[in-house]
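All remarks here apply to the structure that follows.
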Amino acid sequence: MNLPDDLLSFFNSNASATPAFVLSESAIKRRASEFVLLKERLGISKLLYSVKACPLKRVIQTIHPYVDGFSVSSISEIELVRGSVGDDCFAHYVSPLINDDVLNEIQRGPFKITFNSLEQVLRFGSQIPSGGLIRTQTQRSALRKNFLRPKSAVSKLGAMASDIVARESALLSCHISGFHIHNAHLSTTMRPHINNLSFACTLRDQLKMLSIKEINLGGGQILGTLGETEKQTLKVEIKKSNLDITIEPGAGMVWNSGWLISRVVDTFTKCGKRIAILDTSVNHLPYVLDFGITPQVYGTVPKGDPIVLGGATCLERDILGEYRFPEPLKIGELVLFKNVGAYSLARANRFNGIRLPRIFWLGNSLDEYVETVYQTQLT
Ligand SMILES: Cc1ncc(COP(=O)(O)O)c(C=O)c1O
């Protein structure tokens, strides 16, 4: 099946099928194999998929053959991974929430854990003989915009390097084997990882007693645009570091394998501006409001009359963006958002009772995909 003409014909003839998410199996596999090549090329030890980006069983099962395991952030995600690919699959747990229930789950499987604070390390570290990592704060954000962190707030994520050094002797009996640094998102370069690795090596060298063997460099990598020089630099730095390296991309695995298909339900002109209302909403693409990102739309052109695409909720700011199409949009016409495979289904909500999109899986054919946990939110 070709994207998107065949999608257009399917959804044109199925009026009740929108709003819908379409996930492309071949696109997921393509990205996953590119990450495998990157891992092999750079000498990375473990490639994990961060389930939070698109936490669907079929996605996990599709990515499973390519990765060394999964990165999970809650007991529900642990259960999802186990239910998708079995109990013996490796997973790395990273979340500020660690309690006895989480520890019980971690101890059941071949799991690693990252502690978010030194207090957590001291409380729980000795109970995890397989070793844990300390999430480490570099005080440097690799984000293009600083939209993820509230102004003036001290980051709640990770321990300060200076505190790790100062409290090293207290950490000795806590089975700490490395650091975890995640501070990039949608990064089109490997620069954050080069900087973070160098930061980790400097910190490791300041420690006199702890034996640091590994670093989890988090996610944030978007492939396809990475320059050769940066890849080479990272490869050399990884070799020099003598550390076991893990990466755990989420968005990078799935972002360009997902489409949101919506339909125009009204169009009008107001104060000289064309507006079209869709049967979707920022409910289905929450990062539009959270991060100020304008999603890409299929079939737009540089010239043409601008039209604002608004969502179907009461929220004034429920605006997907302003776009130009070759012809004015008409009621009933489809609007296809592309590259929305990450953090959309996972964070979609039902504000105003707008139902969640139906999910379609594009494998050899286009079939509706039903996943109970997600689907029960539809009603
Ligand atoms: C600790 C951690 N690792 C990995 C990821 C995945 O990041 P991305 O989806 O940007 O690749 C996240 C995302 O928030 C994260 O918090």
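Some observations on this one:
- Across the stretch 32-39, not a single residue is classified as assigned to a loop (DSSP other than H, G, I, E, B), out of contact with any Gly (no Cβ under 8 Å at 6 or more places or on another chain) and within 16 Å of the ligand (Cβ to nearest atom).
- Residues that are surrounded by fewer than 23 Cβ atoms within 10 Å (Cβ to Cβ) and of a type in the set (S, T, Y), drawn from the stretch 273-296: Y287, T294
- Of the residues examined, L366 is not one that is at pLDDT 95 or above and under 22 Å from P4 (Cα atoms).
- If the condition is being assigned to a loop (DSSP other than H, G, I, E, B) and at pLDDT 95 or above, then the stretch 1-31 contributes T18, P19.
- For the stretch 119-164, the tally of residues that are closer than 22 Å to T246 by Cα, charged (D, E, K, R) and at pLDDT 95 or above stands at 1.
- Only listed residue being closer than 30 Å to S13 by Cβ, of a type outside the set (A, V, I, L, M, F, W, C) and surrounded by fewer than 21 Cβ atoms within 10 Å (Cβ to Cβ), chosen from T229, T189, T269: T269
- Matching residues, the stretch 12-34, being out of contact with any Phe, Trp or Tyr (no Cβ under 9 Å at 6 or more places or on another chain) and closer than 20 Å to L278 by Cβ: N12, S13, N14, A15, S16, P19
- Residues in the stretch 75-105 that are within 28 Å of E34 (Cβ to Cβ) and outside any helix (DSSP H, G or I): G86, D88, C89, F90, A91, H92, Y93, V94, S95.
- Selected residue (criterion: surrounded by the most Cβ atoms within 10 Å (Cβ to Cβ)) from residues of the stretch 153-176 that are away from the ligand (no atom under 16 Å from the Cβ) and within 25 Å of the chain's Cα centre (by Cα): M160
- Here L345 fulfils each of the conditions (1) within 28 Å of L186 (Cα to Cα); (2) at pLDDT 95 or above; (3) not charged (D, E, K, R) apart from (2).
- Boolean, K112 is assigned to a helix (DSSP H, G or I), basic (K, R) and within 16 Å of the ligand (Cβ to nearest atom): no
- Within the stretch 173-279, strands (runs of 3 or more DSSP E) holding 2 or more residues that are without any contact (Cβ under 8 Å) to a residue 40 or more places away in the chain: 258-270, 273-278
- If you go through the stretch 303-325 and keep only what is in a loop (DSSP other than H, G, I, E, B) and either among the aromatic types (F, W, Y) or not assigned by TED's automatic domain parsing to the domain that holds L289 (or both), you end up with just F325.
- Applying the condition of being touching a Lys or Arg at 6+ places or on another chain (Cβ under 9 Å) and polar (S, T, N, Q) to the stretch 189-207 and asking which residue is farthest from the ligand (Cβ to nearest atom) yields N195.
- Test: residue in the stretch 216-228 that is at pLDDT 95 or above and of a type in the set (D, E): no
- Looking only at the stretch 306-327, and only at residues there that are loosely packed, with under 13 Cβ neighbours inside 10 Å and not hydrophobic (A, V, I, L, M, F, W, C), the one that is nearest to A348 (Cα to Cα): R317
- In the stretch 247-263, residue farthest from T202 (Cα to Cα) [restricted to those that are more than 9 Å from the ligand (Cβ to nearest atom) and out of contact with any Cys (no Cβ under 9 Å at 6 or more places or on another chain)]: R263
- Residue satisfying all of: in the stretch 208-246; closer than 20 Å to I176 by Cα and among the acidic types (D, E); farthest from the ligand (Cβ to nearest atom) among these: D244
The values are calculated or read from the model by the stated rules, or taken from the named source; none is laboratory data. Keep in mind that this is a model prediction, so the values were computed, not measured. Don't worry about glycine lacking a Cβ; one is built from the backbone with ideal geometry, like all the others, and counts go over all protein chains shown.
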